[in-house]
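Below is one structure; the comments refer to it alone.
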Ligand SMILES: Nc1ncnc2c1ncn2[C@@H]1O[C@H](COP(=O)(O)OP(=O)(O)OP(=O)(O)O)[C@@H](O)[C@H]1O
Ligand SMILES: [Mg+2]
């Protein structure tokens, strides 16, 4: 196993009497694109909320690169290098695509308006902004207002804004949700770019083609519990996994695809 970026130990949370996440112990490895898969209501989003600090666990621990972070705030976790797709970004409709990403870079650098007094850093920042826009395939749209973008393009922009924070690990909860089918391959390409740039992606996703072509590893969560993990080929043929998905259809499709 390579370097472990995130580890959970017996992590759990109850809502009322219901254990939405139940003693989950997983390790998320650097440079491995790991997809967390499970039926609706399995606890996947709740697990992300526990890892990113939006929810406080009722049991267990979370570690980031070996340091316990169970009681740290979401902001402290972001500063350590944990990124998450949706709740920490806002697309500003009245600003251009370029300005949205540059603003995010400025907030990361904590230089704010001082940037305008230093010409060299100013152009450095612009170059970095362009690099990120290329990574999320929005360079051609850089002078459009964010409000003029399609839903799918706005999701790309959100990703660009998160990437400006230079996360070491990025948690993406169904990044193609609500996207037109023809936009999905583009999102896959962006995720490959991000992974190539050295940011490790952890994905929650239901789309089979993505899971198969993109993931190094699958982790299956059912009823709040860890079921199994491994390479996509092996896991998708696991009888226990197929049984858990009966009726759900997701892994039936996976198995049918061979
Ligand atoms: N804040 C909350 N209060 C009460 N119950 C909650 C809360 N958040 C989640 N739950 C419950 O916890 C369980 C797990 O929900 P979660 O959203 O994590 O599932 P999921 O695997 O992400 O599902 P989906 O695939 O539909 O997104 C569900 O039964 C849900 O109703
Ligand atoms: Mg969810």
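Miscellaneous remarks
- Among strands (runs of 3 or more DSSP E) entirely within segment 22-65, having at least 2 residues that are within 13 Å of ligand 2 (Cβ to nearest atom) singles out 34-37.
- Positions within segment 177-204 being under 12 Å from the mean Cα position of the chain (by Cα) and touching a residue at least 60 places away in the same chain (Cβ under 8 Å), in sequence order: 191, 195, 199, 200, 201, 202, 203, 204
- Criterion (assigned by TED's automatic domain parsing to the domain that holds residue 242 and either within 15 Å of ligand 2 (Cβ to nearest atom) or assigned to a helix (DSSP H, G or I) (or both)) met by exactly one of 13, 6: 13
- Checked against the criterion of being surrounded by 14 or more Cβ atoms within 10 Å (Cβ to Cβ), in the same structural domain as residue 25 (by TED's automatic domain parsing), closer than 22 Å to residue 186 by Cα and at pLDDT 90 or above, the candidates 132, 36, 51, 69 yield just one match: 36.
- The set of residues in segment 66-97 that are touching a helix residue (DSSP H, G or I) at 6+ places or on another chain (Cβ under 9 Å), in contact (Cβ under 8 Å) with a residue 40 or more places away in the chain and under 19 Å from residue 194 (Cβ atoms) comprises 78, 82, 83, 84, 85, 86, 88, 89, 91, 97.
- Residue 224 farther than 21 Å from residue 135 by Cβ, surrounded by 17 or more Cβ atoms within 10 Å (Cβ to Cβ) and within 16 Å of ligand 1 (Cβ to nearest atom): yes
- Set 43, 16, 53: member being on the phi > 0 side of the Ramachandran plot and away from ligand 1 (no atom under 13 Å from the Cβ): 53
- Filtered residue count, segment 19-40, keeping only those that are in contact with a helix residue (DSSP H, G or I) (Cβ under 8 Å, 6 or more places away or on another chain) and away from ligand 1 (no atom under 15 Å from the Cβ): 2
- The criterion of being surrounded by 19 or more Cβ atoms within 10 Å (Cβ to Cβ), more than 16 Å from ligand 2 (Cβ to nearest atom), assigned by TED's automatic domain parsing to the domain that holds residue 153 and modelled with pLDDT of 95 or more holds for residue 97.
- When the residues of segment 227-239 are filtered to those that are more than 19 Å from the chain's Cα centre (by Cα) and assigned to a helix (DSSP H, G or I), the one that is surrounded by the most Cβ atoms within 10 Å (Cβ to Cβ) is 236.
- Single residue of segment 168-217 satisfying the filter (within 13 Å of residue 31 (Cα to Cα) and assigned to a helix (DSSP H, G or I)) that is farthest from ligand 1 (Cβ to nearest atom): 196
The values are calculated or read from the model by the stated rules, or taken from the named source; none is laboratory data. These figures come from a predicted structure and were not determined experimentally. Cβ: placed from backbone, ideal geometry, glycine included. Neighbour counts: every protein chain shown.
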